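The structure appears right after this line, and notes come after that.
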Amino acid sequence: MEEWRALVAAEQEVARCRAEVNQLPSRVDLLAKALSSGSAWDRAVALDFLHLFPDDVPKLLDLLVDVSMSTGWTVPACETIRAARQEIDQSRFVRVALECLSGGEVDDYLRLADVLVEVEAWEALAAVIGKAAESDDPEIREASRSFAESHGGKLS
């Protein structure tokens with residue numbers, strides 16, 4: 001019973017701290033630093049916070065998409081993006097997605113397309129598929145065809 005009371009008290013303290021952080025004028029900068037941090041704890045807490053308080057997700061979309069492309073962070077980052085999906089300007093989503101492809105590797109296209117499907121960012125997926133279709137790399141063009149076939153009905 002003592003352990004349970006300690007856990008409840010700890011959860012209450014976490015909730016109080018989250019509410020305080022949510023009131024900070026510098027919270028977007030704080031969250032950006034945490035998402036960019038090499039600390040798994042900082043990143044995980046930032047993702048949890050943004051999932052509960054998604055108002056800042058659109059401002060941090062570029063970082064969140066970048067995090068979602070990292071092994072081990074795809075699911076929590078996608079859940080966080082999805083929590084604010086309706087508030088994200090689709091043209092910004094397209095810009096952020098296309099910026100992620102600066103390396104032009106087939107794995108980048110595949111990983112990003114999977115993320116965009118997961119968060120139902122269909123306009124951004126259409127843009128990525130279009131860019132992939134124009135690639136000189138035959139593997140990237142094939143990935144474009146595959147995603148267009150799989151998700152063509154959802155693309156605008």
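The values are calculated or read from the model by the stated rules, or taken from the named source; none is laboratory data. As the structure is a computational prediction, the values presented were derived from the model and not from experiment. With ideal geometry, Cβ positions are generated from the backbone for all residues, glycine too; neighbour counts draw on all protein chains shown. The protein model used for the area step is the full one, side chains on, heavy atoms only, and it has no ligands, DNA or RNA in it. Shrake-Rupley method; radii C 1.70, N 1.55, O 1.52, S 1.80 Å.
Assorted remarks:
- Segment residue 59-residue 21, extension gain: residue separation times 0.36 nm, minus the distance between their alpha carbons: 12.0 nm
- GNM remark for the chain: springs join alpha carbons under 10 Å apart, and the peak mean-square fluctuation among 107, 62, 136 falls on 136.
- Of interest is the spacing of the C-alpha centroids, which for region 78-156 and region 18-64 amounts to 24 Å.
- Rounded to the nearest 10 Å², the accessible area of residue 69 at probe 1.4 Å: 30
- For the chain, the longest principal axis of the alpha carbon atoms and the long axis of helix 74-83 meet at an angle near 80°.
- For the chain, the alpha-carbon coordinates run over 61, 33, 30 Å along the three principal axes, in decreasing order.
- Vicinal HN-Hα couplings computed from phi for region 122-133 (Karplus, 6.51 cos²θ - 1.76 cosθ + 1.60; Hz; Gly/Pro x): 5, 5, 5, 4, 4, 5, 5, 4, x, 5, 5, 5
- When the Gaussian network model of the chain links Cα atoms closer than 10 Å, the mean-square fluctuations of 14, 65, 28 top out at 14.
- Between 0 and 90 degrees, the angle of helix 138-151 with respect to the longest Cα principal axis of the chain falls at about 70 degrees.
- Accessible surface area normalised per residue over region 44-156 is 50 Å², counting heavy atoms of protein chains with a 1.4 Å rolling probe.
- For the chain, with all protein chains in place and a probe radius of 1.4 Å, 52% of the accessible heavy-atom surface sits on carbon or sulfur.
- For the chain, the 222 nm mean residue ellipticity estimated from helices alone, with every DSSP H stretch of n ≥ 4 adding -39500 (n - 2.57) and the total spread over all residues, rounds to -22500 deg cm²/dmol.
- Heavy-atom SASA rank of 151, 51 (probe 1.4 Å, accessible area, largest first): 51, 151
- Were the residues from residue 151 through residue 106 laid out at 0.36 nm apart, the gain over their Cα-Cα distance would be 14.4 nm.
- Region 1-107: chymotrypsin sites (Phe, Trp or Tyr not before Pro) in DSSP coil with no more than 14 other Cβ atoms inside 10 Å: none
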